[in-house]
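Taking it in order: structure first as structure tokens, then the write-up.
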Amino acid sequence: MKRLEKNQQTRRRIMDSALAEFAQQGYGGSSVNTICSAQGISKGIIYHYFKTKDELYLACVEECFRELTEYLQANVPTQGAAEAQLEGYFSARVDFFRTHPVYQPIFREAVISPPAQLTAEIQARKQEFDALNISILERLLRSLSLRPGITMAEVVDTFRQFQDFINAKDQIAGMSAQDFGMCDRRRKKALDILLYGVVAREGESHVI
């Protein structure tokens, strides 16, 4: 086996063990010792590839957002009615985390309650994911007629504020893994309200 291939396999073993540990225990409750014992890897080997626990955690966060972003890019519909595209986006998110459950708690922690000292680093690693979300929103907006005096930039800024509010609310509530689907449903509802308002459209029934 070539040295490069062996190095790649060793790094993958470390990553798989770290992903499982961070997914189960979160950043604060995780242990490098447990990551070592799960795969029979010495601390020296882990620290050869990752200088600190923080660096290893950030590598897991980066992989999570990269895999999610690539999945959404390949599976979110880009044609059809705005409602169908919006539904397709959230369905794709659900499908991704159903297929890759180890990423779900890592994503949740990184978005809602990141380790304070790593907030900026995590934000940098999720930039591509955030940019994709904005590009999808902008594509939806281009298919709709905005009210006079409202710009696309203002809608995007309001959407970001919606996200920040929901994330803060979930952080205060201490959202669990079981609540993750509910959180996504709230995001979907918030985006629906942002796009279409609260006044019933023609053909829709009124809810009291």
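Laid out as a table, the results:
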read-out: Odd one out for residue 93 among (1) of a type in the set (Lys, Arg); (2) open to solvent by less than 20 Å² (accessible area, probe 1.4 Å); (3) over 18 Å from the mean Cα position of the chain (by Cα); value: (3)
read-out: Restricting the range 1-17 to residues that are more than 20 Å from residue 100 (Cα to Cα) and among the hydrophobic types (A, V, I, L, M, F, W, C), the residue that is most open to solvent (accessible area, probe 1.4 Å); value: 1
read-out: Among the candidates 81, 23, 38, residue that is closer than 30 Å to residue 135 by Cα, more than 24 Å from the chain's Cα centre (by Cα) and open to solvent by less than 80 Å² (accessible area, probe 1.4 Å); value: 81
read-out: Single unsatisfied condition, residue 203 versus (1) modelled with pLDDT of 65 or more; (2) over 22 Å from the mean Cα position of the chain (by Cα); value: (1)
read-out: Extreme residue, farthest from the chain's Cα centre (by Cα), among residues of the range 42-65 that are open to solvent by 40 Å² or more (accessible area, probe 1.4 Å) and charged (D, E, K, R); value: 43
read-out: Per-region count, the range 66-78, residues closer than 18 Å to residue 187 by Cα and within 13 Å of the chain's Cα centre (by Cα); value: 3
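The values are calculated or read from the model by the stated rules, or taken from the named source; none is laboratory data. All values derive from a computational prediction rather than experimental measurement. Accessible surface areas use protein heavy atoms only, side chains included; no ligands, DNA or RNA. Shrake-Rupley method; radii C 1.70, N 1.55, O 1.52, S 1.80 Å.
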